[in-house]
Amino acid sequence: MKRTVDYIDGKVVMIDQTRIPGELVTIELSNTQQIADAIKTMKVRGAPAIGVAAALGVALAAKSAPDTEDEFVDRVYRAADLLRKTRPTAVNLFWGIDKIIATLRTARNSNLPVAEIKQLIERCASDMIAQDEEICHAIGRNGAELMPEEGHVLTHCNAGALACVSYGTALGVIRAAIEMGKLIHVYADETRPRLQGMKLTGFELAQDDIAVTVIADNMAGTLMRKGRIDCVVVGADRIASNGDVANKIGTYPVAVLAHHHGIPFYVAAPTSTIDFSLQTGDDIPIEVRAREEMTHIEGHRIAPMGIEVLNPSFDVTPAALVRAIITEKGIAWPPYKQSLK
Ligand code: MRU
């Protein structure tokens with residue numbers, strides 16, 4: 001499969017994930033507003049992927065900005081502000097933007113000319129593409145040893161190639177385990193309301209000939225009780241310094257079920273997902289998305305008129321339910337306050 005997000009000939013090229021599994025098509029974006037819209041409408045989604053996309057979005061603004069320093073700086077900051085408002089939960093988005101702003105600050109402190117700063121920013125953003133791939137492979141290598149030699153692994157949402165530049169975090173761990181010769185079958189929660197598990201995880205695993213069975217979100221408990229799940233591995237959108245993990249809504253109940261059944265629950269994420277400014281997960285901002293995501297499926301209304309619905313997009317799993325956090329730098333074990341540092 002192509003990279004989820006790429007930078008080719010001065011344009012951002014991304015897979016339009018809203019069209020999967022119907023079709024696998026890429027779109028070309030050439031300005032910040034288009035990138036912001038793509039993030040909001042989830043043409044690109046998944047924490048690492050939106051981090052890279054947002055950084056590229058700032059870089060596009062820098063590239064097309066006037067060469068007078070004040071106007072240039074103003075344009076870059078305005079692009080950063082626009083992108084910061086797209087989605088609140090995944091900290092990788094802010095991390096990606098902040099990396100570009102830090103590049104700008106350092107370059108200005110060195111009194112570099114605007115033309116040179118533009119080049120530095122473009123390089124910083126485009127380098128994040130290959131860096132993200134290296135990070136996912138390192139997460140995969142580190143986590144593969146935790147996977148069973150032969151068994152069934154449950155995942156929730158999509159923390160795969162489509163959520164990153166390629167390969168994935170949670171699915172990267174599964175891919176690496178399979179590459180090591182382990183015999184893994186994947187159960188994927190379908191992940192209501194947007195069905196990332198069914199549409200995206202199902203799609204990318206099938207493309208790679210990895211055995212996958214999609215289940216409705218309310219089936220995991222039964223499978224666990226029957227001994228049909230050996231471990232759980234999920235991604236993360238933001239991890240607080242105590243190890244509390246925000247991930248797609250529905251992750252927390254899976255963690256509770258895994259705990260009850262004595263099944264290891266692992267989180268796989270790059271260190272850019274750790275937000276050391278937050279003591280606990282209580283402080284993680286949780287995105288609330290449009291009610292239509294609940295009331296409609298594929299444009300068809302499924303809800304009766306006159307009812308209320310809730311649509312928080314993420315939940316927080318307390319650190320006590322997380323057996324280990326797999327990062328590109330190694331595996332963090334509880335207590336996370338020490339190990340994540
Ligand atoms: O709303 P989404 O589809 O962007 O949510 C994605 C998730 O919750 C993923 O599990 C998370 O971003 C980790 S991706 C490696």
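Mind listing the long-range amide H neighbours of CYS231? Cut-off is under 5 Å, sequence gap 5 or more, other chains count too, H placed in the peptide plane at 1.01 Å from N.
Amide H to amide H, under 5 Å and 5 or more residues apart or across chains, CYS231 pairs with HIS152, LEU154.
Through the Karplus equation 6.51 cos²θ - 1.76 cosθ + 1.60, θ set to phi - 60°, convert the phi angles of the range 203-210 into ³J(HN,Hα) values in whole Hz; use x for Gly and Pro.
Whole-Hz 3J(HN,Hα) from phi for the range 203-210: 4, 6, 6, 4, 4, 8, 6, 9.
Answer rounded, prolate or oblate for the range 2-41, using the Cα gyration tensor with square roots of eigenvalues a ≥ b ≥ c: rounded when a/c is under 1.5, else prolate when a/b is larger than b/c, else oblate. Don't skip to the answer; put the middle values down first.
Working: a/c = 2.64, a/b = 1.29, b/c = 2.04.
Oblate, because a/c is 1.5 or more while a/b does not exceed b/c.
For the range 309-318, in order, what is each residue's ³J(HN,Hα) by Karplus, 6.51 cos²θ - 1.76 cosθ + 1.60 with θ = phi - 60°, in whole Hz (x at glycine and Pro)?
9, 10, 9, x, 8, 9, 9, 10, 9, x
Listed highest first by mean packing, meaning other Cβ atoms within 10 Å per residue, what order do 295-303, 268-276 come in? Before the final figure, lay out each step's value.
Numbers: 295-303: 11.0, 268-276: 22.7.
Per-residue Cβ counts within 10 Å, averaged per peptide and sorted highest first, yield 268-276, 295-303.
Taking 2.2 N^0.38 Å as the expected size of a compact globular protein, what ratio does the Cα radius of gyration of the range 259-341 give against it, to two decimals? Don't skip to the end; give the middle numbers.
Values: Rg = 17.6 Å, N = 83, 2.2 N^0.38 = 11.8 Å.
So the range 259-341 has a normalised radius of gyration of 1.49.
How would you rank 220-227, 192-199, highest first, on the average number of other Cβ atoms within 10 Å across their residues?
On the way: 220-227: 15.0, 192-199: 22.1.
In descending order of packing, they fall as 192-199, 220-227.
Thinking of the range 5-138 as a set of Cα atoms, what percent of all their pairs are more than 19 Å apart?
Details: 4058 of 8911 pairs.
Pairs farther apart than 19 Å: 46 percent.
With a sphere of radius 11 Å drawn around the Cβ of THR68, what net charge do the other residues whose Cβ falls strictly inside it have (Lys, Arg +1; Asp, Glu -1)? Intermediate results must be reported in sequence, preceding the final value.
Values: positive: ARG75; negative: ASP67, GLU69, ASP70, GLU71, ASP74.
Result for the local shell: -4.
Using a Gaussian network model on the chain with a 10 Å cutoff between Cα atoms, which of PRO318, PRO113, PRO88 fluctuates the most?
Among PRO318, PRO113, PRO88, the largest GNM mean-square fluctuation belongs to PRO113.
If Lys and Arg each add +1 and Asp and Glu each add -1, what is the summed charge of the other residues whose beta carbon sits under 12 Å from the beta carbon of SER30?
Numbers: positive: LYS11, LYS63; negative: ASP9, GLU28.
Overall, the nearby charge balance is 0.
Taking H placed 1.01 Å from N in the peptide plane, check which residues at least 5 places from ASN247 or on another chain put their amide H under 5 Å from its amide H.
Distant-sequence amide H within range of ASN247: ASP237, ASP315, THR317.
Please compute the net charge surrounding MET219, taking Lys and Arg as +1 and Asp and Glu as -1 over other residues with Cβ under 13 Å from its Cβ.
Surrounding charge for MET219 is +1.
Taking other Cβ within 10 Å of each residue's Cβ, how do THR68, THR251, THR191 sort, fewest first?
On the way: THR68 10, THR251 28, THR191 24.
Listing THR68, THR251, THR191 from fewest to most nearby Cβ atoms yields THR68, THR191, THR251.
Using the Karplus curve 6.51 cos²θ - 1.76 cosθ + 1.60 with θ = phi - 60°, work out ³J(HN,Hα) for each residue of the range 107-117 in order, rounded to whole Hz, and write x for Gly and Pro.
5, 5, 4, 8, 6, 6, x, 4, 4, 6, 4
What ranking do ILE27, ILE8, ILE129, ILE229 get, fewest neighbouring Cβ atoms within 10 angstrom at the top? Intermediate values should be presented prior to the final figure.
Numbers: ILE27 15, ILE8 11, ILE129 18, ILE229 22.
Listed from fewest to most nearby Cβ atoms, that is ILE8, ILE27, ILE129, ILE229.
Amide H of TYR7 versus every other amide H placed in the peptide plane: which residues, excluding those fewer than 5 positions away on the same chain, fall under 5 Å?
VAL13
According to the square roots a ≥ b ≥ c of the eigenvalues of the Cα gyration tensor, what is the shape class of the range 142-339, taking rounded for a/c under 1.5, prolate for a/b larger than b/c otherwise, and oblate for the remainder?
Values: a/c = 1.62, a/b = 1.18, b/c = 1.37.
Oblate shape, in that a/c is at least 1.5 and b/c is the bigger or equal ratio.
From zero outward in steps of 20 Å, how is the percent of C-alpha pairs of the chain spread across the bins?
In whole percents, the pair-distance histogram is 32, 57, 11, 0.
Taking every DSSP beta bridge with both residues inside the range 142-339, roughly what % is antiparallel (nearest 5)?
So the antiparallel bridges in the range 142-339 amount to around 40 percent.
Give the shape of the range 219-301 as rounded, prolate or oblate, defined through the alpha-carbon gyration tensor: a ≥ b ≥ c are the square roots of its eigenvalues, a/c under 1.5 means rounded, and otherwise the shape is prolate if a/b is larger than b/c and oblate if not. Mind showing how you got there, number by number?
Working: a/c = 2.31, a/b = 1.00, b/c = 2.30.
Since a/c reaches 1.5 but b/c is at least a/b, the shape of the range 219-301 is classed as oblate.
If neighbour count is taken as other Cβ atoms inside 10 Å, put TRP333, TRP95 in order from fewest to most. Let's see the in-between values first.
Working: TRP333 13, TRP95 21.
Final ranking by Cβ density, sparse to dense: TRP333, TRP95.
With n ≥ 4 as the cut-off for DSSP H runs, can you work out [θ] at 222 nm for the chain, using -39500 (n - 2.57) per run divided by the number of residues, rounded to the nearest 500? Numbers along the way, then the final one.
Numbers: 11 runs with 133 residues, N = 341.
Helix-only estimate at 222 nm: -12000 deg cm²/dmol.
Which one of GLY306, GLY51, GLY235 has the biggest mean-square fluctuation once the chain is modelled by GNM with Cα springs under 10 Å?
Largest GNM mean-square fluctuation: GLY306.
Share of antiparallel DSSP beta bridges in the chain, in percent to the nearest 5? If you can, show how the numbers build up before the last one.
Details: 21 of 41 bridges.
In the chain, approximately 50 percent of DSSP beta bridges are antiparallel ones.
To the nearest 20 debye, what charge dipole does the chain have about its Cα centre, counting +1 at the Cβ of each Lys and Arg and -1 at the Cβ of each Asp and Glu?
On the way: 36 positive and 42 negative charges, 89 e Å.
So the dipole magnitude of the chain works out to roughly 420 debye.
We did not get these values from a lab; they are worked out from the coordinates using the rules stated. Keep in mind that this is a model prediction, so the values were computed, not measured. Positions of Cβ are generated from backbone atoms using ideal geometry, with glycine treated the same way; all protein chains shown enter the neighbour counts.
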